[in-house]
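The values are calculated or read from the model by the stated rules, or taken from the named source; none is laboratory data. Just so we're clear, the structure is a prediction, and the values are computed from it rather than from any experiment. Don't worry about glycine lacking a Cβ; one is built from the backbone with ideal geometry, like all the others, and counts go over all protein chains shown.
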Amino acid sequence: MTQTLRRTGACALLLTLFGIQNAFPQGYVKLNGLYALAGIVNPAVEFAVTPKSTLQSEIVISPWKSIDGKHMTFAIFMGEYRRFFKEHNRGWYLGANIGMMAFDMSKPYIENWRLKFEDRYCKGYGMMIGLCVGYEYQFGERWLLDAYFGWAWMDSHYNGYSFDGEIDMHPHRPVQPKHPDPFNGSSEWYPNKIGLSIGYRIFQPRK
């Protein structure tokens, strides 16, 4: 009985894998080489949904507890719709994305067109909605290069801490609350993605 179940399971697995390969549209798995140079993991999967559009899901993970004394641990999950001018996975495209994040990091800000980080760190979560522009180039039989840049509105909620671990009971706000409250929130426009990813085609649509 056990042997029969094993054989049945193996056959079901083979049939499922065969069915997936023939049912799925063209798809790529990708890794952001630009982030990898900084030790940040950013894998993605992209599938064609129409002759001129694709859907992409990706995660971004920074494992660094500290960089140059600043906390820099975060994770982002993002989904994106891409519309190509020619055909899917070829040439220029515009994208719209939405994502959620969790973080333990020093908050970035822009001063005199330079990116800086606060002398404290924050722990919390947030969401983002953004747009991006990019270009995809296919080479070889299965390979792809994807260059892109995106900008998003980010809404975050968090607690702030000094570097000695003390929680900030009076975070900066336009109007301070009547009683001490360490939970803060902010909304800003920031770059939310930039990269040069290399992709490998995992599915080819049946002709």
### Query
Of all residues in segment 132-191, which are acidic (D, E) and closer than 29 Å to G91 by Cβ?
E136, E141, D146
### Query
Just a yes or no: is a residue in segment 181-197 surrounded by fewer than 13 Cβ atoms within 10 Å (Cβ to Cβ), in a loop (DSSP other than H, G, I, E, B), free of Cβ contacts under 8 Å to residues at least 24 places away in the same chain and out of contact with any Asp or Glu (no Cβ under 6 Å at 6 or more places or on another chain)?
no
### Task
Give me a count of the residues in segment 144-165 that are among the hydroxyl-bearing types (S, T, Y) and under 12 Å from H71 (Cβ atoms).
3
### Query
Name the residues in segment 109-128 that are out of contact with any strand residue (DSSP E or B) (no Cβ under 9 Å at 6 or more places or on another chain) and among the acidic types (D, E), would you?
E111
### Task
Kindly establish whether K86 is within 15 Å of E188 (Cβ to Cβ) and not hydrophobic (A, V, I, L, M, F, W, C).
no
### Task
May I ask you to verify whether G91 is buried (at least 17 other Cβ atoms within 10 Å of the Cβ) and of a type outside the set (S, T, Y)?
no
### Query
Given the residues G69, G27, G99, which is the only one that is at pLDDT below 95 and surrounded by 12 or more Cβ atoms within 10 Å (Cβ to Cβ)?
G27
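With respect to G165, is the statement that it is over 25 Å from the mean Cα position of the chain (by Cα) and either outside any strand (DSSP E or B) or loosely packed, with under 14 Cβ neighbours inside 10 Å (or both) true?
Working: over 25 Å from the mean Cα position of the chain (by Cα): yes; either outside any strand (DSSP E or B) or loosely packed, with under 14 Cβ neighbours inside 10 Å (or both): yes.
The answer is yes for G165.
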